[in-house]
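S.K.: Structure below; questions to follow.
The values are calculated or read from the model by the stated rules, or taken from the named source; none is laboratory data. Computed from a predicted model, the values in this text were never measured in an experiment. All Cβ positions, even for glycine, are placed from backbone atoms using ideal geometry, and neighbour counts span all protein chains on display. The protein model used for the area step is the full one, side chains on, heavy atoms only, and it has no ligands, DNA or RNA in it. Shrake-Rupley method; radii C 1.70, N 1.55, O 1.52, S 1.80 Å.
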Amino acid sequence: AHVGHPTNMEPQTNYDESAVPSYELPDPLIDAAGNPVATAADWQSRRRPEILRLFEDEVYGRMPGPFESSHTEILDEDPGALGGRAVRRQTRLRFGDDETSPAMDLLLYLPSEATGPTRVFLGLNFFGNHSIHTDPGIRLSTEWMQSSKSNQIVDHRATEASRGVFASRWPVADILARGYGLATIYCGDLDPDFDDGYANGVHPLFYQDGQTQPEPHQWGSISAWAWGLSRGLDVLEEDDAVDAAHVAVMGHSRLGKTALWAGACDERFALVISNNSGCGGAALARRRFGETVAAINGNFPHWFCDNHRAYNDCEDELPVDQHQLIALAAPRPVYVASAIDDQWADPKGEYLASRHASPVYELLGQRELDAQQMPPVSQPLADGSIGYHVRPGGHDVTTYDWNRWMDFADRHWRG
């Protein structure tokens, strides 16, 4: 099974478009009292906070602010990395005062020929920073991770052989050649991706006296990972070599859900990118196509807040749907990427959510998604503030995807 896809897909999974039920989406431009949202000020002051709170309380769970006692340490700096093409910096952010406190390591590559602050793509990875490139200078993660023979993870720990196992998903040389930097953090530094009752990772840092796990409306793992992305942006803001006003947050699969949520909660992210994020990400829940709310909560009960389980098999009762999550990025540009063979993630549902987010972008003076029907494979819609493509192949991140995201960033950041 691919990362992000359970091995026990439900036998009743629907992949038949004619079996998608009729549904009515909540209108992002009608508030909870039934009043129209007619101006940008209405959206920002009234409707946006309302939608954000619903996603917090009913889907992902409320997350705290920064941890008060955090310490940053530069672990490594190499101005001649990757054969002189890059500056490599590895920074540890520790949440607490002693060596046993949780910490996250941020790996940053910047183009060595940069003459000023560099615009950066920031994303979480699944198997440690060392998995994104064969560079022997990247610190090998010592944190828990899913055992995987193919990815050289033995007894839940990385091995030297796991270096670069996901390099195909992180085309570092291409990103640097386009003049961008790349920053990444292992998601397991923040919360290990298994249902452990939130005993490990960052959740316990914020428990009140006597508390042993989050309240039903408080953060699950996706919110913990999103919180970590914001902490990564905190680190980048302190780096004079980074143009922190132009940081794109990017994620794939469950980390694509995370990127959308991080972009919704933290308006410092200048561009938001979701790749194959599916249910709980960019795909409309009410379509019940591919992965469903019940399936995702059954397979991964730790991802969302406990309140979200109330919507298993009753998506129509959700007070929100995923077009509103995409709309929370407005007016900042957002890009949703699908893969035609990744039907579990519902490519059409991802396209439709992007389209139904468009009225908010229009209200805020931005160009909407420029198509009334799903585009053919490999024909991106990227002229407006919402970008979308569906490419050939399955659940993965490819150089094609990265090139489209960088084209999109060029258009919005470099005119």
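S.K.: Quote the relative contact order of the range 250-319 in percent (integer), defining contacts as alpha-carbon pairs under 8 Å separated by 6+ residues.
M.R.: 25 percent.
S.K.: What's the local net charge at GLU77, with K and R +1, D and E -1, over the other residues with C-beta under 9 Å away?
M.R.: Neighbour charge sum, excluding GLU77 itself: 0.
S.K.: Let me ask something else about it. Determine the sum of side-chain charges near GLY201: Lys and Arg each +1, Asp and Glu each -1, restricted to other residues whose C-beta is under 9 angstrom from that of GLY201.
M.R.: So the surrounding residues net to -3.
S.K.: Which of the peptides 115-125, 157-167 is most tightly packed, and how do the rest follow, going by the mean number of other Cβ atoms within 10 Å of each residue?
M.R.: Descending packing order for the listed peptides: 115-125, 157-167.
S.K.: Still on this model: Take the Cα atoms of the range 276-412, build their convex hull, and give its volume per residue in Å³.
M.R.: About 107 Å³ per residue, rounded to a whole number.
S.K.: Sticking with this one: Any idea what the alpha-carbon Rg over 2.2 N^0.38 Å comes to for the chain?
M.R.: 0.93
S.K.: Also: Using DSSP, restrict attention to beta bridges with both residues in the chain and report what percent are antiparallel, rounded to the nearest 5.
M.R.: If we restrict to bridges inside the chain, about 50 percent are antiparallel.
S.K.: Okay, next question. Using mean Cβ contacts within 10 Å as the protection proxy, how do 77-86, 288-297 order, highest first?
M.R.: 288-297, 77-86
S.K.: What whole number of Å gives the distance from the Cα centroid of the range 142-202 to the Cα centroid of the range 382-397?
M.R.: The two parts, judged by their Cα centres, are 23 Å apart.
S.K.: Let me check I've understood the local charge: for TYR186, count other residues with C-beta under 11 angstrom from its C-beta, Lys and Arg +1, Asp and Glu -1. What total comes out?
M.R.: Taking every Cβ under 11 Å from that of TYR186, the sum is -4.
S.K.: Determine, at each q value in 0.18 (inverse angstroms), the log₁₀ of I(q)/I(0) that the Debye formula gives when each Cα of the range 228-277 is one equal point scatterer.
M.R.: Taken in order of the listed q values, log10 I(q)/I(0) reads -0.50.
S.K.: Also, quick follow-up: Mind listing the phi-derived Karplus ³J(HN,Hα) values for the range 364-381, rounded to whole Hz, using 6.51, -1.76 and 1.60 with θ = phi - 60°, and x for any glycine or proline?
M.R.: 8, x, 9, 6, 7, 5, 8, 6, 9, 9, 4, x, x, 4, 6, 10, x, 9
S.K.: Now a separate question. Carbon and sulfur: what percent of the range 127-254's accessible surface (1.4 Å probe)?
M.R.: For the range 127-254, the apolar C and S fraction of the accessible surface comes to 46 percent.
S.K.: Hey, another quick one. Kindly identify the range 281-354 as rounded, prolate or oblate by the Cα gyration tensor criterion: order the square roots of the eigenvalues as a ≥ b ≥ c, call it rounded if a/c is under 1.5, otherwise compare a/b with b/c, prolate if a/b is larger, else oblate.
M.R.: Cα axes put the range 281-354 in the oblate bin.
S.K.: Something else now. On the protein heavy atoms, probe 1.4 angstrom, tell me the percent of accessible surface of the range 276-415 carried by carbon and sulfur.
M.R.: 44
S.K.: Between PRO79, LEU54, LEU229, whose Cα lies farthest towards the positive end of the dipole of the chain when Lys and Arg beta carbons carry +1 and Asp and Glu beta carbons carry -1, centred on the Cα centre?
M.R.: Value computed over the given set: PRO79.
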